[in-house]
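The structure under discussion appears below in the form of structure tokens.
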Amino acid sequence: MGTGLIDDYVTDLGARLQGSRRQVRDLLTETRDSLTDAVEAHLDRGLDEDTAQRRAVEEFGPVRHIAREYQAELAVAYGARTLTLLAVVLPVMHALWEMSRMYFIGPWQDFGGPVPSWYMLIAKANDMTSGVAAGIALVALILGRVLARRLDTQLLARLAASIALLSVLVVVLGNVAILSATWQVDPQRLVQSLPMGIASFGTWIVIVRLGLLARRCLSCATIVA
Amino acid sequence: MKPDALRGHLDALLLATLDGRQLHGYAIIEALQQGSGGALDLPTGTVYPALRRLERAGHVVSDWSTVGGRKRRTYRLTSAGQRALNAERSAWRQFTTVIDGVLGGDGKWAQA
């Protein structure tokens, strides 16, 4: 059985989609299977090869319209994956940093001299940002499942991407705030411990990576397939 | 039947098609067309995103398995999906009873 028209359709569809590579591959495999099944059914009904392929592709729907629906699903899936990562990685990252701090520095009061009360306020707020951001991601994941059939898929994808970006932004703001505050109070604290400098650098790499994932979520949710 | 009229009911139709059986995508499309006597005029490609939506909602699960010598993704209802189908059927019966009371030909609207 020839597959010229089917190949063209699947290639055109694939070129319009953006998302997790595995998800795109699964959708395209399913599409090719469905079109092949449809061609076989039409051949069994007595149509010739070319007509069977053309009929199968027509029945599947205009590629632009189908790509739009597929893309919305891919965007939601990418959003859910990113929110899951945020819900898991942020608390783990914070816990690891705190454990390193306790091991290499010990309690804050033993590190350097006394600090103003506003500094402690910022430090406590920063301690909470990872938990808050992970909580936001978790609540969004649960709501996304509940609203899966009630809310327009494209809207759901845009909400997921916006919430992912918001979560990362909360963590970035917390970290920038504590760095700026420390610089203001005692810049020496920022370079006093090499292991903690490395741990902080690692934290920033994770945050930037999560930020890029969240930005790709938005790109998947807003691309015109 | 036009796609726009079906869109709002596609989820329920898919749940009903999967009731008590496990099917792959094209088998679901064939079952939908057979069940409607060929009246469902829907781009078949729209079925796959709808199946993913139902999977996201926890109403169906899918597995890759070999059917007829080819690797295919097959779908089946979960217990949440079965409950959703029962709710859809109940809501549909209620809806048709109400509409039929007005449009069915025996009511006062038909006599007016």
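Only the coordinates and a few stated rules stand behind these numbers; no lab work does. All figures in this text were calculated on a predicted structure; none of them were measured in a lab. Note that each Cβ is placed from the backbone with ideal geometry, even for glycine, and that neighbours are counted across all protein chains shown.
Annotations
- The angle between the Cα long axis of helix B:47-56 and the main principal axis of chain B comes to about 80°, on a 0 to 90 degree scale.
- Rounded to 10°, Cα long-axis angle of helix A:49-60 versus longest principal axis of chain A: 40 degrees
- Two-site FRET efficiency, residue A:8 against residue A:186, from Cβ-Cβ distance with R₀ of 56 Å, rounded to 0.05: 0.30
- The gain in end-to-end length when the residue A:212 to residue A:51 segment is fully stretched comes to 53.4 nm, 0.36 nm per residue minus the alpha carbon separation.
- Once you reduce region A:77-151 and region A:1-34 to the center of their Cα atoms, the two points are 39 Å from each other.
- Dipole moment magnitude, nearest 20 debye, the protein assembly as shown about Cα centre, only Lys, Arg, Asp, Glu C-beta charged: 820 debye
- GNM flexibility winner over chain A from A:212, A:74, A:156 (Cα, springs under 10 Å): A:212
- Based on alpha-carbon atoms, the Kirkwood radius and the radius of gyration of region B:3-103 give Rg/Rh equal to 1.00.
- C-alpha long axis of helix A:21-44 to longest principal axis of chain A, angle in °: 10 degrees
- Peptide B:39-48 shows a mean partner chain C-beta count of 6 within 10 Å per residue C-beta.
- Lys/Arg +1, Asp/Glu -1 at C-beta; the protein assembly as shown dipole; positive extreme among B:101, B:27, A:117: A:117
- Here r is the Cβ-Cβ distance between residue B:95 and residue A:58 and R0 is 35 Å; the resulting FRET efficiency, rounded to 0.05, is 0.60.
- For residue A:3, distant residues with modelled amide H under 5 Å away: none
- Peptide A:34-40, shielding by other chains (average Cβ, 10 Å cutoff): 5
- Peptides B:21-30, A:57-66 ordered by packing proxy, namely the average of other Cβ atoms within 10 Å per residue, highest first: B:21-30, A:57-66.
- Relative to the Cα centre, the charge distribution of chain B, modelled as +1 at Lys and Arg Cβ and -1 at Asp and Glu Cβ, gives a dipole magnitude of about 460 debye.
- Estimated FRET transfer efficiency (residue A:173, residue A:149; beta-carbon r; R0 35 Å; 0.05): 0.50
- Computed helical MRE - 222 nm, chain B, DSSP H runs ≥ 4 contributing -39500 (n - 2.57), nearest 500: -17000 deg cm²/dmol
- Using Cβ point charges alone (K and R +1, D and E -1), the dipole size of region A:73-222 about the Cα centre works out to roughly 500 debye.
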